[in-house]
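Below: the structure, in structure tokens.
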Amino acid sequence: MSKVKSLLLSGTLAATAVLVTSSVSLGQQEVTIFTQDGPVTVRTNENKVKNIVNDANIELTNKDKVYPSLDQQLKTDYIAIKKGSKVKIHVDGEKKQTISWAHDVEELLNEQGVILNDDDIVKIPLDTKLKEVDNIKIVRVNKEIVTETSNIPYESNYYVDRSLPSGSSRTIIPGKKGKKEVSYEVTYHDGEEQERTVLQKEVVSQPQSAKVYTNQRNMVASRGSNSSTTTGVSGYVGVASWYGSNFHGSGTASGETYDKNAMTAAHRYLPFGTRVQVTFLKTGKSVEVTINDRGPFTGGRIIDLSEAAAREVGLLPHGTGRVEIKIIN
């Protein structure tokens, strides 16, 4: 072989060797892997993300998320590994544990498809960073309007009637319960009632008082109407009479002067000044009078009306008649 040929061949081999060496050098790349413990730099011939991470001797767990994903070809010079947070979410009666790479609580709930209503309560602020949280409790708040109906008890007005057999009673007007409605706004936390606020009260129907004539010996006089659970009496039933001109201007047991034109009456024991309503049962007419005298002392009579009061109820031409006396005060 000529010297010229040898030189050419030698030069070709040398050039080839240089090209091969350059090719190997050009195939490597420097990749920076960002982890929560800090950046890691690795030189590698690999292009697949998974292989590059292996070359860097980084062990991954199920909490780690890699960007780009492990099965992708790397097109940049860096890889990011983000460690997820293990969080328990308590919502709708369930507890579920998840690993998430969300930035904060709100992002996690959106990620998990948890929809919050306006009144729902989240025990921690939504902008709390997820790495600072391990439990999230959500209280579902519901409100509804509830209307409840209840009875209104009636009163029983007792009138002592000594014409009845001893120990007996007779209902003149039966009592009737009324009805009322109360509307509430009821607040529930996870299905359990927490609060109720009264919105409206309405009386649907008024109760009707019972009227009872009685000759029970344990009944005692009282002023005003009493409920059916007491033994007090509202008044009396019996015969009324009246006294007029013959007594006009004379003194009364209370010290006042009798005035036939005043609305007054005499009673055997009701305190002076007591006001009573007297109803003449024959006419149904009523009058209010003030007790200022004592009497009547004729057997069977319970009240003596002034002439004006007797005229008011229509008793004047009859002389006497059965009446109801209702104590006002």
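Of the residues making up the range 132-150, one or more are touching a strand residue (DSSP E or B) at 6+ places or on another chain (Cβ under 6 Å), at pLDDT 95 or above, within 30 Å of Lys176 (Cα to Cα) and charged (D, E, K, R). The set of residues from the range 184-199 being under 18 Å from Asp118 (Cβ atoms) and either among the aliphatic types (A, V, I, L, M) or assigned to a strand (DSSP E or B) (or both) comprises Glu185, Val186, Thr187, Tyr188, His189, Gln194, Glu195, Thr197.
Close contacts from the range 45-64, counting a first residue that is farther than 16 Å from Gln28 by Cβ and a second that is among the hydrophobic types (A, V, I, L, M, F, W, C) and in a helix (DSSP H, G or I), with Cβ to Cβ under 8 Å and a gap of 6+ residues or different chains, come to Leu60/Val53. Filtering Lys129, Lys180, Lys211 for residues that are among the basic types (Lys, Arg) and within 33 Å of the chain's Cα centre (by Cα) leaves a single hit, Lys180. Could we say that Asn47 is surrounded by 11 or more Cβ atoms within 10 Å (Cβ to Cβ) and at pLDDT 85 or above here? So Asn47 passes the test.
For every residue, the table says whether it meets (1) surrounded by 11 or more Cβ atoms within 10 Å (Cβ to Cβ); (2) in contact with a Cys (Cβ under 8 Å, 6 or more places away or on another chain); (3) at pLDDT below 95; (4) not charged (D, E, K, R).
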{"position": "Lys63", "(1), (2), (3), (4)": "yes, no, yes, no"}
{"position": "Ser69", "(1), (2), (3), (4)": "no, no, yes, yes"}
{"position": "Leu74", "(1), (2), (3), (4)": "yes, no, yes, yes"}
{"position": "Ile79", "(1), (2), (3), (4)": "yes, no, yes, yes"}
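On the basis of being in contact (Cβ under 8 Å) with a residue 40 or more places away in the chain and closer than 25 Å to Glu132 by Cα, does Lys82 make the cut? So Lys82 passes the test. Could you please give the count of residues in the range 175-184 that are in contact with a Lys or Arg (Cβ under 6 Å, 6 or more places away or on another chain) and surrounded by fewer than 15 Cβ atoms within 10 Å (Cβ to Cβ)? Adding up the residues that qualify gives 0. With respect to the conditions (1) touching a strand residue (DSSP E or B) at 6+ places or on another chain (Cβ under 9 Å); (2) loosely packed, with under 15 Cβ neighbours inside 10 Å, Ser166 falls short on a single one, namely (1).
Out of curiosity, is Lys260 part of a loop (DSSP other than H, G, I, E, B), in contact (Cβ under 8 Å) with a residue 24 or more places away in the chain, surrounded by 14 or more Cβ atoms within 10 Å (Cβ to Cβ) and basic (Lys, Arg)? For Lys260, the condition - part of a loop (DSSP other than H, G, I, E, B), in contact (Cβ under 8 Å) with a residue 24 or more places away in the chain, surrounded by 14 or more Cβ atoms within 10 Å (Cβ to Cβ) and basic (Lys, Arg) - is met.
Would it be correct to say that Val203 is β-branched (Val, Ile, Thr), surrounded by fewer than 16 Cβ atoms within 10 Å (Cβ to Cβ) and modelled with pLDDT of 95 or more? So Val203 fits the description; yes. Which of the residues belonging to the range 308-325 are buried (at least 22 other Cβ atoms within 10 Å of the Cβ) and either modelled with pLDDT under 95 or more than 15 Å from Ser163 (Cα to Cα) (or both)? Answer for the range 308-325, where residues must be buried (at least 22 other Cβ atoms within 10 Å of the Cβ) and either modelled with pLDDT under 95 or more than 15 Å from Ser163 (Cα to Cα) (or both): Ala309, Ala310, Val313, Leu315.
Being modelled with pLDDT under 90 and either of a type outside the set (S, T, N, Q) or surrounded by 14 or more Cβ atoms within 10 Å (Cβ to Cβ) (or both) is a property that Lys88 lacks.
The values are calculated or read from the model by the stated rules, or taken from the named source; none is laboratory data. Owing to the predicted nature of the structure, the values given are computational and were not obtained by experimental measurement. Neighbour counts run over all protein chains shown; Cβ positions are idealised from the backbone, glycine included.
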